[in-house]
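A.B. asks: First the structure, then my questions, so here it is.
The values are calculated or read from the model by the stated rules, or taken from the named source; none is laboratory data. Computed from a prediction, not measured in an experiment: that's the story for all the values here. Cβ sites come from the backbone with ideal geometry, for glycine too, and all protein chains shown count toward neighbours. These accessible areas exclude ligands, DNA and RNA; they are computed on the full protein's heavy atoms, side chains included. Shrake-Rupley method; radii C 1.70, N 1.55, O 1.52, S 1.80 Å.
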Amino acid sequence: MATQDMSEGAARMALDRGHARQQHGSIGLVLLIAVVLVGAATGLLLIGRTNAEPYILALLAALATAGVFSLFALAAGILRFAGNTMDNPLLRGIVEAAADAIVVSDQSGRVLYANAAYLDLVEATNLDDVRPVERVFIGDPDVSEAVYRLLKAAREGRRQQEEVRVSGPKGISARWLHLRVRPFGPSKRDARLTVWAIADVTRERAHQENIFQELQHAIDYLDHAPAGFFSVDAEGNISYLNATLANWLDHDLAQVGSGGLTLADIVSGAGGSLLTTLSAAPGEVKTEVLDLDLKTRGGRPLPVRLFHKVAFGIDGTAGASRTLVLNRARDEDADPQRAAEVRFMRFFHNSPMAIAAVDKAGRIARSNALFARMFEGTLKSEGDDRSILSVVVDRDRAALEAMIRKAADGQGDIAPVDAALAGRGDRWANFYVAAVEEADRDTEAAIVYALETTEQRTLKSQFDQSQKMQAVGQLAGGIAHDFNNVLSAIMMATDFLLNAHKPTDPSFEDIMQIKQNTNRAASLVRQLLAFSRRQTLRPQVLDLGETLSDLTMLLRRLIGEKVTLDVVHGRDLWPVKVDISQFEQVIVNLAVNARDAMPDGGRLTLRTANVVPQEAGAFAYKGMPEAEYVLVEVRDTGVGIVPEIKEKIFEPFFTTKEVGKGTGLGLSTVYGIVKQTGGFIYVESEPGKGTAFRIFLPRHVAGVEEALPQPPETEASTISDALAAVSDASRSVSADLTGRGAILLVEDEEGLRGLNARGLASRGYTVLEAGNGVEAMDVLDERNGQVDLVITDVVMPEMDGPTLFRVLRERNPEIKIIFVSGYAEEAFEKNLPENGKFVFLPKPFTLKQLVAAVKETMAS
């Protein structure tokens, strides 16, 4: 800065000198002009006004002409007004005596000013002998190139500096010069002038080189010292590693400092946590002596003793460490004590339990590596006064404190405590406390052992929840089966009543009300079956993107105008195999719940995406293996779900809605459908921030049988085809549902059997009745097996439906059979022979559905 100020002063001095040269004039000439003008005026007065008028005009014209030319000269810079800027003796003295060479030149290279130092540099005696900078170093190519860059910068109005090495004559060492250049000022006139400042920095460069050499020697001594040395920051990144330690660990020094080497790469096990959890008061420097195992690049342990020194900032942040490493593996066999210490160190730090020695107040005196890693986040925030009581939540501190107090009093057989751990997440651990020897109780009153049980508790909770859901599912399935039998009888009876009464009959509306409520009850039963995963599914391969697109209009009507619906489709979605109607029910249920969670409006987002196994593992959901899935995410911006309720949302009949506004079966139905499809569903929610349901459906890969052309339909109907035919028949009002033939009806519910037989008989069929499989065989024996169709229930006493099916097919492989059941087809299909052909009609069903299925089966 001093040199820069002097260069500016030099430029100012150069301009002052130029001004001074232009200000030098003759006072006599000024007086002579004044006398001439006064004499001319007097002469004009003497010759009279009339005769003087032409002369006056001529004089005024001459003066005006002179004035105009003077103005042009001033504008062009030929003439200048004399200013009050005079040479400053103090500034001149400073610039002339400056150690740096200062010179001012114009664009043509003419030197306008040079101080004494520059005169000495170019060996000139006066200003006329001074050469510009570009001519001084013209014989040195390296310097000339630098000078050219400086000149170019000055002409472009920029400041620039260069440091060059100038070779001297033989016998004289080279010099280092620091060249700086800048334009004189911002105006165009000042920009024509260039201010140079040249400083001799040879001594400074020599000093720097000496320091560098000394530093190189120090680094060389440290690299090849008989002890290891490394430096690690608070994040665990190794910033320095000496050659000795790198050789011990077989690591490449090129990896150090480039983010390629971390503490976990050189410290075995959880030992690194002992180094990163070190804490102290702000501004303190702390040193810890630790016996640990380092590890080589090949994974072999190396027993060492560390002198770990860390300086803490004013804000308490730990700086980079200075860690000395002593190799304890040398002569281990020759020193039994050292070998014993190494074995104990490995046992202590590699123990699967976290261990810490504490005083009577619970302050931690020392701990093993696993303890430091398990409670790393908590211990870092505790500062220098680390207490073991801080690692558990407030409600469990009293119990742990009582255990330590008992150990300090010398008591043994202290019962363990299961405590929740402080910090983020739901973590638990069992704590065991043991007393120490009497002599050590001043500094170490107890030894605390901690065994984390978070995973075990999570698995137990999941198992208990699974058992509960399974038990509830079995109960729901059993109830649904019994209800289906009752509902089937009611629906059949209402059909008879509706056929016997005209719409004008006063009781017709009451019968219709019974039928409508029966249908509603049947819908609830289907939801129970969905939860218990016992409903009949009709899966098909489909693209979820297209399915959701078709569902968009319905969803917009369901959620209303206050809620914005966004559908984000993933690219190239994999196919999945699901029941499309059940899947639509899943999305509708989730959308309705999301709408109810946003009473004031919000945003509902449906997102689909492919999930590869690595991404599935990254979700870290319990129970979901890493595989290929198609993800369907339903996210809302509603009120969210509190953790206490989130654990119960999939349970049947659990609801947070008002009485009469929900059955509690919506999410349980979703859960059952997804599970029965082979998928997984998980929920993430935070109160006040919304909820996200994520459904993972397995990717469907077409098998060989699906890739082959399908043969034409045979007389045996598939389940889907039969149900589709039933549905079509139900929609056809004008269809002829009468028929002929002998039907064997096997049903253990006598009332339901009688109603079904009555209905079939009313349509022209001959109906034979049986209460179970044994009775059915007796009936067949009486008729010599001459029946056209067998309709049988699945669950019956003595001989159930699947057993009857096998016996009938052994006697007559072509006999046609319809199974009716309140359970799903999958519940009994595994008990049937492979490729057994039959039709399944789920209970409850109407009379029209029954006769339609019978006619379609008999006609096939």
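A.B. asks: Tell me, what is the FRET efficiency for SER108 and GLU214 to the nearest 0.05, using R0 = 60 angstrom and their Cβ-Cβ distance as r?
C.D. replies: On the way: r = 48 Å, r/R0 = 0.81.
With R0 = 60 Å, the Cβ-Cβ based efficiency is 0.80.
A.B. asks: Count neighbours as other Cβ atoms within 10 Å of each site's Cβ, and list the GluC sites (Glu not before Pro) in region 257-338 that are DSSP loop with at most 14 such neighbours. Don't skip to the answer; put the middle values down first.
C.D. replies: Details: sites: GLU284, GLU288, GLU332; in loops: GLU284, GLU332.
Taking region 257-338 and a limit of 14 other Cβ atoms within 10 Å, the loop GluC sites (Glu not before Pro) found are GLU284.
A.B. asks: Right, another one. Using a 1.4 Å probe and counting only protein heavy atoms, arrange ASP566, ASP396 so the residue with the most accessible area comes first.
C.D. replies: The residues order as ASP566, ASP396, largest area first.
A.B. asks: Hey, another quick one. Rounded to a whole number, what is D in µm²/s for region 293-362 from Stokes-Einstein with the Kirkwood radius over alpha-carbon pairs (10 °C, 1.306 mPa s)? Intermediate values should be presented prior to the final figure.
C.D. replies: Numbers: Rh = 14.9 Å.
Reported coefficient: 106 µm²/s.
A.B. asks: So, one more: What is the spin-label model distance, in nm, from ALA859 to ASN519 if the labels are put 7 Å beyond Cα along the C-beta direction?
C.D. replies: According to this spin-label approximation, the distance is 2.4 nm.
A.B. asks: SER239 accessible area, nearest 10 Å², 1.4 Å probe?
C.D. replies: It works out to around 70 Å².
A.B. asks: Per 0.36 nm of contour for each residue apart, how much would the distance between GLN160 and ALA365 grow if the chain were fully extended, relative to their Cα-Cα spacing?
C.D. replies: Length gained, GLN160 through ALA365: 67.8 nm.
A.B. asks: Relative to 2.2 N^0.38 Å, what does the C-alpha radius of gyration of region 549-615 come to as a ratio? Two decimals please.
C.D. replies: Values: Rg = 13.4 Å, N = 67, 2.2 N^0.38 = 10.9 Å.
Dividing the Cα radius of gyration by 2.2 N^0.38 Å gives 1.23.
A.B. asks: Please compute, over every Cα-Cα pair in region 136-236, the percentage with a separation greater than 16 angstrom.
C.D. replies: 71 percent
A.B. asks: Then there is this: Extending each Cα 7 Å along its Cβ direction at GLU145 and THR42, get the distance between those two points in nm, one decimal.
C.D. replies: About 7.7 nm separates the two model spin labels.
A.B. asks: Want the number for GLU204 to VAL541: 0.36 nm per residue separation, take away the alpha-carbon distance, what's left?
C.D. replies: The span from GLU204 to VAL541 would gain 113.2 nm if fully extended.
A.B. asks: Using a Förster distance of 30 Å, how high is the FRET efficiency between ALA281 and ASP418, based on the Cβ-Cβ distance and rounded to 0.05?
C.D. replies: After rounding, the FRET efficiency stands at 0.30.
A.B. asks: Arrange the residues TYR432, TYR765 by how much accessible surface each exposes, largest first, with a 1.4 angstrom probe.
C.D. replies: Highest to lowest solvent-accessible surface, that is TYR432, TYR765.
A.B. asks: Let me ask another. Distance check, please: which entries in LYS622/LYS843; LYS562/LYS675; LYS675/LYS843 exceed 27 angstrom between their Cα atoms?
C.D. replies: Violating the 27 Å limit, Cα to Cα: LYS622/LYS843; LYS562/LYS675.
A.B. asks: Using r as the Cβ-Cβ distance of ARG175 and THR443, and R0 as 56 Å, what FRET efficiency do you calculate, to the nearest 0.05?
C.D. replies: Numbers: r = 66 Å, r/R0 = 1.17.
Step by step, r from the Cβ atoms, then E = 0.30.
A.B. asks: Turning to a different aspect of this structure: For labels at ASN350 and VAL807 in the simple 7 Å Cα→Cβ model, what's the distance in nm?
C.D. replies: Distance between label points: 6.8 nm.
A.B. asks: A further question follows. Counting only protein chains, not ligands or nucleic acids, how are ILE490, ILE815 ordered by accessible area (probe 1.4 Å), most first?
C.D. replies: Working: ILE490 60, ILE815 10 Å².
From most exposed to least exposed: ILE490, ILE815.
A.B. asks: Full extension from ASN430 to GLN786: what is 0.36 nm times the residue separation minus their Cα-Cα distance, to one decimal in nm?
C.D. replies: Numbers: separation 356, 0.36 × 356 = 128.16 nm, distance 7.27 nm.
Once the chain is fully extended between ASN430 and GLN786, it gains 120.9 nm.
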